[in-house]
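The values are calculated or read from the model by the stated rules, or taken from the named source; none is laboratory data. Note that the coordinates shown come from a computational prediction; the quantities given were computed from them, not determined experimentally. Quick reminder, even Gly has a Cβ in these numbers, built from the backbone with ideal geometry, and neighbours come from all protein chains shown. All accessible areas refer to the heavy atoms of the entire protein, side chains included, with ligands and DNA or RNA removed. Shrake-Rupley method; radii C 1.70, N 1.55, O 1.52, S 1.80 Å.
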Amino acid sequence: MTIELATRIYLDHAATTTMLPAAMAAVEAGMRHWANPSSPHAEGRAARAAFEQARATIAAAHGWSGETLLTGGASEALAIALGRATVPRRLIGATEHDAVIRAAPGAEVMPVDDSGLIDLDRLAALLADSPPALVAVQWANSETGVRQPIGDIAAIVHAAGGLLLVDAAQMPPGADPSLGDHADFIALSSHKRGGPPGVGALLVRDLATLEPSGGQERGYRAGTENVPGVLGYAAALGEMPDIAHWAAMRARLDDAILRSGGEVVGAAAPRHPAIGSYRMPGVAATVQLIRLDLAGISVSAGSACSSGSMKPSHVLAAMGWQEPALREVVRVSFGATTSDAEIDTFITAWRAIAREARSRAA
């Protein structure tokens, strides 16, 4: 069965964004490098050369001079760092992605304030006079877009002898040139950046801080390398997003929501230019998603890994949101194909749903 999507408006790029033509072409070309890149013969060496060039491209796109381990996605990259970093403790932010929570059972949790920002005083207290820890924080929250003060967090973590893991799955390449100066590990995702799904990377400052597991990737990840996928990821990073345009669209959307009686989640904090979360008072997120979907608009309620669940968002709960408000929030996120006209259409649809809800309540 074919589903016609050409006329729809897709505003869920934080879940998966449009695969770029250059990435699709690179994946197709990579399929011609069909040999195992670990094989010593000519075919294997050709595949290895293409693979290593892609690795170098991914590192360069993020200004990284350390090691680059290629993985099956950001979730695997996070699991490798959280499972095998050579420090005894694990601390994670209260608003971290489900992949971090699953990979670090029993980890100590760092609270956030009502804007979603890590409590730096509490972090310093948790690290004081204790064994060194791996501290995991998101560059930008995948639900709210709230950006953490990575430099300030890194200073506290390193002063206590710890290591910093940054989940940068949502970070556009080039958006934060200083990140490489602060993080010890950085988890990256291809399908958030216009590349194919099933590919990611873990940037590692010093391999001595990570226990090896044997197999491929310098002995830190087992499994035959995904040459086509990695080539596609590298090609996608060659196209820089228009971050300024994203920021302008999100600012206009924020203003329209506020003027229409809604709330902007994390409005007081620095935020990702392409991610916004919005509350429509009195209308459940599930109802909003259905109404918007029928109008031909795709958004989500929280991250893609949890939006199918009926559980309230742990991110909003950690920020102090309570029932029923925390069940009335949807996420809107932009990509390379998002236009001003699409944002205008969303605003019109959002206002119509909100007006109808107010009229029923009157």
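A few notes on this one:
- Here the range 25-156 is treated as an ellipsoid with the same Cα gyration tensor; its semi-axes, largest first and in whole Å, are 37, 16, 14.
- Of the peptides 46-55, 189-198, the ranking by mean beta-carbon count within 10 Å, highest at the top, reads 189-198, 46-55.
- A simple charge model with +1 on the Cβ of Lys and Arg, -1 on the Cβ of Asp and Glu and nothing else charged puts the dipole of the range 262-362 at about 260 debye relative to its Cα centre.
- Gyration tensor (Cα) of the range 30-94, equivalent ellipsoid semi-axes in angstrom: 30, 14, 11
- Highest mean packing comes first when the peptides 71-79, 31-39 are listed by Cβ atoms within 10 Å, giving 71-79, 31-39.
- Which of Leu294, Leu164 is most accessible, then next, and so on - probe 1.4 Å: Leu294, Leu164
- Cα centroid of the range 227-257 to Cα centroid of the range 27-63, whole Å: 26
- Solvent-free Debye scattering, log10 I(q)/I(0), computed from the Cα coordinates of the range 177-220 at q = 0.26, 0.30 Å⁻¹: -0.99, -1.04
- When you work out D = kT/(6 pi eta Rh) for the range 100-258 at 25 °C and 0.890 mPa s, using the Kirkwood radius from C-alpha pairs as Rh and the Stokes-Einstein form, the result is 139 µm²/s.
- Dipole magnitude (debye, nearest 20) for the range 30-96, charges at Cβ of Lys, Arg, Asp, Glu: 100
- Over the chain, equivalent-ellipsoid semi-axes from the Cα gyration tensor in Å: 35, 27, 16
- Pairwise Cα inverse-distance average, inverted: Kirkwood Rh of the range 133-207 (Å): 12.7
- Whole-Hz couplings from phi, Karplus 6.51/-1.76/1.60, listed for the range 108-124; x for Gly and Pro: 6, 10, 8, x, 10, 8, 6, 8, x, 8, 4, 6, 5, 5, 5, 4, 4
- Note on the chain: with charges restricted to the Cβ of Lys and Arg (+1) and Asp and Glu (-1), its dipole about the Cα centre is near 560 debye.
- Selection from Leu123, Gly194, Ile297, by position along the positive dipole direction of the chain (Cβ): Ile297
- With only the Cα atoms considered, the range 260-362 has a convex hull volume of 117 Å³ per residue.
- Considering only Ala269, Gly214, Leu203, the residue lying farthest towards the positive end of the dipole of the range 200-284 is Ala269, judged by Cα position with unit charges set on Cβ.
- For the range 194-238, dividing the convex hull volume of the Cα atoms by the residue count gives 82 Å³ per residue.
- Relative contact order of the range 224-362, taken over Cα pairs closer than 8 Å and 6 or more residues apart, is 28 percent.
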